[in-house]
Amino acid sequence: MSKLYVNPLPVRIWHWANAVLFIILIVTGVQIRYLDLFDVMSFRTAVVVHNWVAFALIGNFFVWLLFYLFSEKNKAYHPEFNIVKLATESFRQMQYYGYGMFRGERSPHRMDPYYKFNPLQRTLYQILMLFLLPLQFVTGVLLWDVKRFSSVIDLAGGVRVVDTVHVLIFIFFVFYMFIHPYLATLGHTPTAHIKAMITGYEDVEEEAPANTAA
């Protein structure tokens, strides 16, 4: 077993700050949407907190974006343009998640500081970070000041369309926040990925040396 430095300090700070901000947004978002069913704070307080935390999350996103744009670690998010390779590697990873790990098999993905995500993770994070999250930011800013952005909202189909998109993505992220802790336990040990996001180092199983003829 060896240690691999996969999560630099800026990434770890960003990750845990992101988690806290997301939880606050989910709580205040539910309070705003379901005022009659959820009574944690007043509607006005929920709106104010939701708006300020949302802008903090946008700022945090750009910290992440700038780090990966100017860091050699950005290879972890590079898309795979070879569709056949992506499909093959993704299928192997699904087989591992589906039954391989329950049989004690090793993950087909070998951990690397520059390619720390397996094909399924890389695809998911590209969708989350480069599409869904920016779209959520845009719809949220439009709803933050409907009067100021009325022309853009009209082009998008109206307030109802923008609000629906915002709520649907919100629901997706609520489910993701529940699923993510489980996914974090799918390393070679249940706590391997979690420890790596705290210390930066991941314990990695070393490859067994190939047998050679005497």
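Every read-out reported here was derived from the displayed coordinates using simple, explicitly stated rules and does not represent laboratory data. All figures in this text were calculated on a predicted structure; none of them were measured in a lab. All Cβ positions, even for glycine, are placed from backbone atoms using ideal geometry, and neighbour counts span all protein chains on display.
Within the chain, the whole DSSP H helices whose Cα atoms reach 20 Å or more along their own axis and whose mean Kyte-Doolittle score is at least 0.5 are 9-33, 43-69, 159-183.
Can you give the extra length, in nm with one decimal, that the chain gains between L37 and R160 once fully stretched, where that is 0.36 nm per residue apart less the Cα-Cα distance? Intermediate values should be presented prior to the final figure.
Details: separation 123, 0.36 × 123 = 44.28 nm, distance 2.18 nm.
The span from L37 to R160 would gain 42.1 nm if fully extended.
For G187, the residues whose amide H sits under 5 Å from its own are A192, H193, ignoring neighbours fewer than 5 places away on the same chain, with H placed 1.01 Å from N.
Here segment 2-204 is assigned +1 on the Cβ of each Lys and Arg and -1 on the Cβ of each Asp and Glu. Its dipole about the Cα centre then comes out at about 340 debye.
Mind counting lysine pairs for me in the chain? Cα separation below 15 Å, and the two need to be 8 or more apart along the chain or on different chains.
On the way: K3/K116; K3/K195; K73/K116; K75/K116; K116/K195.
Counting lysine pairs in the chain gives 5.
Scaling the Cα radius of gyration of segment 143-193 by the globular reference 2.2 N^0.38 Å produces a ratio of 1.83.
Compute the relative contact order of the chain as a whole-number percentage, counting only Cα pairs closer than 8 Å that sit 6 or more residues apart in sequence. Mind dumping the intermediate values first?
Numbers: 167 pairs, mean separation 66.0, N = 214.
So the answer I get is 31 percent.
Summarising the label geometry, the points placed 7 Å from Cα in the beta-carbon direction at V146 and S90 lie 3.8 nm from one another.
Could you calculate the FRET efficiency of K195 with Y125 from 1/(1 + (r/R0)^6), where r is the beta carbon distance between them and R0 is 22 Å, rounded to 0.05? Don't jump to the answer; show the numbers that get you there.
Working: r = 20 Å, r/R0 = 0.90.
Once rounded, the FRET efficiency stands at 0.65.
Please work out the FRET efficiency for the pair R110 and I13, using the Cβ-Cβ distance as r and a Förster radius of 30 Å; give the result to the nearest 0.05. Show your work: numbers first, answer last.
Values: r = 27 Å, r/R0 = 0.89.
The calculated FRET efficiency here is 0.65.
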